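Any read-out appearing in this document is the output of simple, stated calculations on the displayed coordinates, not a laboratory observation. Just so it is clear, the model here is predicted, and its values are computed rather than measured.
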Amino acid sequence: MFIWIATAFTSVSAQSPVFHAVQIGDTWVALGKRYGVDPEQLQTASGYINRQREPAIGSTVIVPQTGTFTGRLLRSADGGLWQTAVLNNTTPWQIVTENGLNSPYHPLFYQPLFIQTGIAFPRDLPIGFKEIELSAVPARSGEGIAFRGETAVPMKVTAKLAMRGEQSHSEMDVTGNGRYQIGLTGTGAFYGRGEPELSIQTEINGRLSPLWSQPWQIEDGAWAYQELTYTGAAGTITQAQINEEMGRMALLWEPNSGIEWTDSFHLPIADYLEVSSSYGTRRSIGGGWYATYHEGIDYSAYRGTPVMASAAGTVVLAGRLSVRGNAVIIDHGAGVYTGMYHLSSLETAVGDTVQAGDIIGAVGTTGLSTGNHLHWDLIVNNMWVDGEAWLEQGMGCWLVEGLGQPCES
Ligand SMILES: [Zn+2]
């Protein structure tokens, strides 16, 4: 296969093609400037049919290589050169010279401008951003999905990830701290493969910049399978009770601008026997279809083992639910919540402010449960995601650092 591709390009170029793994900012224009190739040639070589769509982050583009060039790629936020120059640490005269512009007063709204300088490869980022990083390339279904970035000046940022199917909440929770911005949302474990469009819009001095967008490849996760049979009192829970509980919980997820946690997320339990079920595990109840998945992590433990808050936040639920039993839900800000269920006792109340490590209750087997265990889950933007990735030096810390703050774990 490789030999066939290499041969196909011998007539175009004496060099062998490069297989470029697409990162954020690697748009057709940016890759064209980087390799000195016409963007249309890149699209043809890579077999892209929809030429209006940028290459997906996490996918591979075939480059019939001719060279590599470093520099900066600039786009104008307001059609003029002055603000573009200021935001990119350059001068209007340098942009004019480098790009051979005849009239610097001609509106340059959508025209990408290239300055061949520096050591970095050109990237096509949302206007005003100096740097953006993504939480994972490609991302995986069931993950919290996030970007963090630094802008040239403080600005308002909004972002969307265009999900399909179960995801109607495509708006990302964006939090800013001066020139630092983080944005996050969640995919469910049923999301599967896809290339949702990440779009970011900046607002500088009250003026909206042109919308930036690039697809982001999401791969399917690897999940375990589990068959469950509930017996005794658990089997008597009705669909009406389940619906009532879902309705009650849906009211909790409110967008919240500030993040309340200041370091990494910690294990909610110090003494446990084993992880008896991980996030995403496909579940068949009583021999039926694998129609549901496990929304959190189960830690089997002795009854009465203390359960702690994973991170700082505000308690928004502390009470009895039909399925989840004695439950505590903590709002950590920025659309991030953690839930702890099946507790034998509660040691906190709605409205309490908690710190990481504060005891909020004890392990039990209340609600729909087959034995003493702690179910801990993490919700991002109204979607249950894999909390494992947030623990210790994971996502919690990555986001704190994304706001320009040190993360003490
Ligand atoms: Zn569970």
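Among Thr60, Thr175, Thr366, the residue with the largest mean-square fluctuation in a Gaussian network model of the chain, with springs joining Cα atoms closer than 10 Å, is Thr60. Calculated from the alpha-carbon coordinates, the chain shows an Rg and a Dmax of 24.8, 81 Å respectively. GNM on the chain, alpha-carbon springs under 10 angstrom: the most fluctuating residue among Ala139, Ala389, Ala77 is Ala389. Which of Gly339, Gly296, Gly100 ends up with the largest GNM mean-square fluctuation for the chain, with Cα atoms connected below 10 Å? Among Gly339, Gly296, Gly100, the largest GNM mean-square fluctuation belongs to Gly100. Set against the 2.2 N^0.38 Å expectation for a compact globular protein, the stretch 170-304 has a Cα radius of gyration ratio of 1.42.
Working note: Karplus 6.51/-1.76/1.60 with θ = phi - 60° gives the stretch 142-150 the couplings x, 9, x, 10, 8, 10, 9, x, 10 Hz, where Gly and Pro are set to x. Excluding same-chain neighbours fewer than eight residues apart, the aspartates and glutamates reachable from Lys156 by a Cα-Cα span under 12 Å are Glu203. In the chain, the longest principal axis of the Cα atoms and the axis of helix 239-250 are about 50 degrees apart.
Here the Debye sum runs over all C-alpha atoms of the stretch 129-219 as equal scatterers in vacuum, and log10 of I(q)/I(0) at q = 0.15 Å⁻¹ comes out as -0.54. Note that the stretch 269-285 has calculated 3J(HN,Hα) couplings of 9, 8, 10, 9, 7, 6, 7, 8, 7, 8, 5, x, 4, 6, 10, 10, 9 Hz, one per residue in order, obtained from phi through the Karplus relation 6.51 cos²θ - 1.76 cosθ + 1.60 (θ = phi - 60°); glycine and proline are x.
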